[in-house]
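The values are calculated or read from the model by the stated rules, or taken from the named source; none is laboratory data. What you see is a predicted model, and the numbers here were worked out from it, not measured in a lab. All Cβ positions, even for glycine, are placed from backbone atoms using ideal geometry, and neighbour counts span all protein chains on display. All accessible areas refer to the heavy atoms of the entire protein, side chains included, with ligands and DNA or RNA removed. Shrake-Rupley method; radii C 1.70, N 1.55, O 1.52, S 1.80 Å.
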Amino acid sequence: MRTERLHRVRARGRDTVTCPYCFAVFGRAQIAYRCLGRAGRGIGCDPRLDAELAAYLGTQAGAVLPPVFAGRGARASCPDCGRESGRRVCPECHHELAPAYCDTPGRIVALVGAKNAGKSTYVAVLLHELRNRVGTELGTSLVACDDRTIERYKRDFARPLFDQQRLLPMTPSAVTAPREPLVFSLSRRVRGRFTSRTEALTLVLFDTAGEDLRSREVRDLHLKYLEAADAIIFLADPLELTGGAADSEPLDVLARVTEPLRQRYGLAPKDRLRVPAAMVLTKIDALELPRQSALRRARHRAGALDADDRAAADAEVRALLHGWGSGDLDRYLDQNYAEYQLFGVSALGGAPSADKVAAGGVRPHRVEDPLLWLLHRFGMLDG
C-alpha cells in the first residue's frame with residue numbers, strides 16, 4: 001500500500017540518507033563527491049556550472065564549481081583528474097553534505113510556527129541552550145552542517161538577540177526572501193548495558209512566515225521538508241488561543257500542514273499520521289499561572305526525561321486549552337496524530353520593552369522540553 005511504503009521511507013535505516021536541503025532520499029552508497037579542483041598549476045578539474053546546484057539555489061551565483069562524480073567510501077578519486085576528494089554531496093541537488101551528517105544521518109526534526117509565535121526567537125534560544133547549559137547537562141554536541149548555517153545563525157539570530165539584546169524581526173515571506181534552512185547535527189553518546197553508540201538528531205529549521213503555508217509554491221517546499229521529518233514541533237502564541245481555536249491562527253496553520261500530509265500519505269479518515277508532534281505554547285511568561293503550576297516549575301536537570309514532570313505539564317497545557325475554549329486544537333491533534341504531547345515554554349523569560357529584551361536579559365524557561373521528549377522517544381535519552 002502507498003501509506004505503508006511512505007512510512008517505510010520515513011523509518012529509514014542506517015543505509016539510507018535524507019538530504020537536509022532538498023530532502024531527497026537515497027542509499028548511502030549513492031552519495032556523490034565533488035572534485036577538489038585545480039590546486040595552483042597542479043592537476044585538477046576546472047570549475048564549471050553545476051546545473052543541479054544552480055536549480056536548487058535558484059541562481060548560478062555560487063554554482064560554478066569543480067564537477068561531481070560517483071564513488072564509494074569516505075574518499076573517492078575523481079575519474080577525470082585522479083585527485084582524491086572527501087567532499088561528499090547530495091546526488092540530487094549537489095549541495096555539500098557535512099562529513100558528520102554522512103556518517104550519522106540522524107533524524108530530522110521540523111519546526112513550524114504560527115504567526116506571532118516567536119519562532120525565530122525560539123530557534124535562537126534553543127540553539128544557544130543546546131550549545132551551552134543543556135548541552136553540558138546532556139553531554140551533547142551541536143554542530144552546524146554548512147558554512148551558510150554558521151553565518152546566518154550568527155548574523156540573524158545570535159548577535160542581535162544575545163549580543164545586542166534586540167528582539168528579532170518578524171520573518172518575511174519566503175516568496176520575497178527565499179532562503180536555505182539552518183541545518184544542525186545534535187549528537188550524543190548513548191551507553192547501553194554492554195556497548196555504547198553515537199546517535200544523532202538533525203535539526204532542519206526553516207524561518208516559516210505564517211502566510212507561506214497559504215502559498216502553493218512555498219507550501220510545496222515546506223511539504224517536502226515536513227515529509228522528510230521524523231518529528232514536527234508546532235509553535236503557537238497562547239494569546240492567540242484565548243478567544244477560542246475556531247478563529248485562531250494556530251489551528252489554521254496546523255491544518256494547513258496536516259491536511260496536505262494526510263493527502264500525500266493517502267490516509268483514510270480513520271487513520272492518523274505516525275510522525276510524533278509536539279504542540280508548544282510559547283510566551284507562557286505572559287500567562288497568569290497559579291503558584292503551584294507545573295509550567296512554572298524549573299525542570300529537574302538530571303540528564304534524563306522526568307516522566308512525571310512531562311505528564312503534569314502536558315495535562316496542564318491541555319486544561320488551559322480547554323479552559324480558553326480552544327479545545328479544538330487538542331481534539332484536532334488527537335484525531336490526526338497517533339502520538340503528540342503539549343508543552344509550555346518561554347524563550348525570553350520576561351516581557352520585552354519596545355524592541356529590547358527585558359532588563360534581566362534572556363532568561364529561557366523550559367525551551368528544551370520538546371526536544372528532550374523527542375530525544376527520549378528516539379532512544380537518545382533515558383527516562
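General remarks:
- In the stretch 104-120, the condition of being of a type in the set (Ser, Thr, Tyr), within 24 Å of Phe23 (Cβ to Cβ) and either modelled with pLDDT of 95 or more or touching a Leu at 6+ places or on another chain (Cβ under 6 Å) (or both) is met by at least one residue.
Yes or no, residue by residue, for (1) in contact with a strand residue (DSSP E or B) (Cβ under 7 Å, 6 or more places away or on another chain); (2) open to solvent by 50 Å² or more (accessible area, probe 1.4 Å); (3) in contact (Cβ under 8 Å) with a residue 24 or more places away in the chain:
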residue: Thr18; (1), (2), (3): yes, no, yes
residue: Phe26; (1), (2), (3): yes, no, yes
residue: Cys35; (1), (2), (3): yes, no, yes
residue: Ile43; (1), (2), (3): no, yes, yes
residue: Leu49; (1), (2), (3): yes, yes, no
residue: Pro66; (1), (2), (3): yes, no, yes
residue: Ser77; (1), (2), (3): yes, yes, no
residue: Val89; (1), (2), (3): yes, no, yes
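- Cross-chain or 6+ apart pairs with Cβ under 6 Å, the stretch 328-351 first and closer than 16 Å to Arg318 by Cα, then open to solvent by 40 Å² or more (accessible area, probe 1.4 Å): Asp330/Arg318; Tyr337/Arg272; Leu342/Arg318
- Members of the stretch 281-309 found to be in a helix (DSSP H, G or I), farther than 24 Å from Thr136 by Cα and over 25 Å from the mean Cα position of the chain (by Cα), listed by number: Ala286
- Thr198 vs. criteria open to solvent by less than 20 Å² (accessible area, probe 1.4 Å) and within 20 Å of the chain's Cα centre (by Cα): no
- Looking only at the stretch 135-169, and only at residues there that are open to solvent by 90 Å² or more (accessible area, probe 1.4 Å) and within 18 Å of the chain's Cα centre (by Cα), the one that is nearest to Lys119 (Cα to Cα): Lys154
- Among residues of the stretch 333-348, those that are surrounded by fewer than 17 Cβ atoms within 10 Å (Cβ to Cβ) and either out of contact with any Lys or Arg (no Cβ under 8 Å at 6 or more places or on another chain) or modelled with pLDDT under 95 (or both), counted: 1
- Of all residues in the stretch 275-301 being of a type in the set (A, V, I, L, M, F, W, C) and free of Cβ contacts under 8 Å to residues at least 40 places away in the same chain, the one that is least open to solvent (accessible area, probe 1.4 Å): Ala294
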